[in-house]
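Notes follow once the structure below has been shown.
The values are calculated or read from the model by the stated rules, or taken from the named source; none is laboratory data. Just so it is clear, the structure is predicted and the values come from calculations on it, not from any experiment. So basically every Cβ, Gly included, is an ideal-geometry build from the backbone, and we count neighbours across all protein chains shown.
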Amino acid sequence: METLNKSMALTGQPPKALNLHQKWAVVLGMSGMAILVLQLFNWDLGNNVLWLSISLATLFVGIIWFSYGSYGHTHEGIKNDGVWFKSISSRGVLAWMAGIALTLFYIILYFYPEYLGLVKDGPNRGLIALFDPLSNTLSGNPASQWFVYGTLYTLAILAFGIKFLWKYRHNRYEQLRTWSVMFFQLGFAFLIPELMARLNGDLPYYDLKNIWPLNYYNFERYRVNGFIDAGDVGLALLLFGVASIFVITPILTYKYGKRWYCSWVCGCGGLAETAGDSFRHLSDKSKFAWKVERWVVHSVVVFVTLMTIAVVHSYLGNDTDKYWLTKTSFLVGSAVILTAIFSWAMLFKREQLQKDAQYGAVGYFVIIMVLLGLHFFGNEGHIFLFKSESLRRGYSFLIGSIFSGVIGTGFYPIFGNRVWCRFGCPMAAILGFQQRLFSKFRITTNGGQCISCGNCSTYCEMGIDVRAYAQKGENIVRSSCVGCGICSAVCPRGVLKLENGPLEGRINPTEVLLGNDVDLMQLLNQKENRHN
């Protein structure tokens, strides 16, 4: 006989113990993990093809099985209840254990790959040797620590992506974008680059969906030479890299907002949305965090811009017979482009920037221009009074390794799943700048329907107080918003809607909407005329 639940708590009940499906799934998944751990200690298991297949298969099936146990017998709808009662998703003991384990893995991956079994002048050992058969099949080369990481990274997005599809099966938008990140990670980030390495060994490894400044290394000398030496395919990829910065990215962001990349294509965002979904509510929502976020992420953009200019400048010359692009013309061109962007923003979009943002923009612009002007005082191979190689290594260590990997991903269970995207990703910052100033993307709200439940703000992974906008019926236009749509998916009243339509005819107040603030009949007539 079923016991009647007499509790009147609106927050629901603490989660129950794992059901039978989840328990067996944990056993299966941990057995696959055990194989990988044994390889770390150089256990010779014999047939690497067999044991790698067993390990990856049990990990994948274990995650899917656990997801089925969690959501397979539940109704469609919001599935985030109970997250603050679970140790793994409420900064409990399990969360800290997972965060420390992931952080140690990233430290070894980036700085001590020999402990994973990487051997430079001989056959690999341990964990990396286990992945040699798969790497040889795809690219014809032995595995590296990056191939091992890429394989596990892709496996996580695919397996947890299926979990995400199950969890948000009531929302078509979440379904589509999850299939998208799974497709781009498997095809464009994992399989295609490996196959291209097999077909054209001179072509630098190229993740087709990575765009500068996320792939800050794309215009280093060895890669530019590699693209040119690879023939027409390499030259096309090099030109694509340039076009993606100045043409493709602005157009797509204008039409769809930064979500076209951050929530539909990007591998970092893909892992955050799938494997990191259980930790999205841990993002810091304080005003202090928002202020720190703006200054830190835009400082990273300035850093990567100066570093890239320095690196390209270092391998150019002033002999016009040898270089069609000389050092001087490159620096002048860079200064002109940056000045044009700054002038456009300050002349035509200034009212959309807060005072501190205006002061910050002026300060950064002055710093960049001064450093560009000081290049004449540097020796050969120097710019901005620093060696270009020192700038590159500094950025690679601080941002590319420590921030994006060790902190950004390793501490999902502590700081939330979008720490890197909020505070460190220069690509997100540039796309956010474009989204804030000229994109058609908005999250529109219906304040009259809002019941102030707070679901939208709680589960915003970017730390935006969505409820404050919804209560006022105000459109949400924020540079940090990645358009994941979870705020809309968890809203029980349908208050929030993601739109790409024209700006005309939208109610966009700055205070509480009153009946005399807008002529609703005039708006209806305007929309009717546009449709006709």
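Only one of Y173, Y149 is in the same structural domain as L45 (by TED's automatic domain parsing), within 30 Å of L306 (Cα to Cα), surrounded by fewer than 22 Cβ atoms within 10 Å (Cβ to Cβ) and touching a residue at least 40 places away in the same chain (Cβ under 8 Å). Can you tell me which? Give the steps one after another, and end with the answer.
Values: Y173 fails: within 30 Å of L306 (Cα to Cα).
The unique qualifying residue is Y149.
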Item checked: Restricting the stretch 12-62 to residues that are of a type in the set (F, W, Y) and either part of a helix (DSSP H, G or I) or without any contact (Cβ under 8 Å) to a residue 12 or more places away in the chain (or both), the residue that is farthest from H73 (Cα to Cα) -> W43
Notebook entry, point to check: Taking only pairs six or more apart or across chains, which ones have beta-carbon atoms under 6 Å, a first residue in the stretch 389-415 that is in the same structural domain as A310 (by TED's automatic domain parsing) and polar (S, T, N, Q), and a second residue that is at pLDDT 75 or above and crowded, with 21+ Cβ neighbours inside 10 Å?
Noted result: S404/W420
Checklist line | Residue among W84, W96, W65, W146 that is at pLDDT below 90, part of a helix (DSSP H, G or I) and out of contact with any strand residue (DSSP E or B) (no Cβ under 6 Å at 6 or more places or on another chain) | finding: W84
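Here is a yes/no grid of residues against (1) surrounded by fewer than 19 Cβ atoms within 10 Å (Cβ to Cβ); (2) modelled with pLDDT under 90; (3) touching a His at 6+ places or on another chain (Cβ under 6 Å); (4) not hydroxyl-bearing (S, T, Y):
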residue	(1), (2), (3), (4)
H375	yes, yes, no, yes
G381	yes, yes, no, yes
L385	yes, yes, no, yes
S388	no, yes, no, no
L391	no, yes, no, yes
G394	yes, yes, no, yes
V406	no, yes, no, yes
G410	no, yes, no, yes
L431	no, no, no, yes
Item checked: Residue that is in a helix (DSSP H, G or I) and under 30 Å from V83 (Cβ atoms), where the choices are G226, G269, G234 -> G269
Next item on the list: Working only within the stretch 398-452, note down all residues that are in a loop (DSSP other than H, G, I, E, B), charged (D, E, K, R) and in contact with a strand residue (DSSP E or B) (Cβ under 9 Å, 6 or more places away or on another chain).
Entry: K440
Checklist line | Only one of T151, T178 that is among the polar types (S, T, N, Q) and within 16 Å of G269 (Cα to Cα) | finding: T178
Notebook entry, point to check: Do we find a residue being exposed (fewer than 13 other Cβ atoms within 10 Å of the Cβ), basic (K, R) and in the same structural domain as V301 (by TED's automatic domain parsing) anywhere in the stretch 351-364?
Noted result: yes
Notebook entry, point to check: If a residue has to be out of contact with any helix residue (DSSP H, G or I) (no Cβ under 7 Å at 6 or more places or on another chain) and of a type outside the set (V, I, T) to count, how many in the stretch 25-56 make the cut?
Noted result: 10
Note to self: Please pick out the residue among I78, I107 that is part of a helix (DSSP H, G or I) and outside the structural domain of L134 (by TED's automatic domain parsing).
What the structure shows: I107
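Any residue that is in a helix (DSSP H, G or I), more than 30 Å from G501 (Cβ to Cβ) and free of Cβ contacts under 8 Å to residues at least 40 places away in the same chain - is there at least one of those in the stretch 241-248?
Looking only at the stretch 241-248, we keep the residues that are in a helix (DSSP H, G or I), and these are 241-248.
Among the residues that remain, those that are also more than 30 Å from G501 (Cβ to Cβ) are: 241-242.
When the remaining residues are screened for being free of Cβ contacts under 8 Å to residues at least 40 places away in the same chain, the result is 241-242.
Yes, the conditions are met somewhere in the stretch 241-248.
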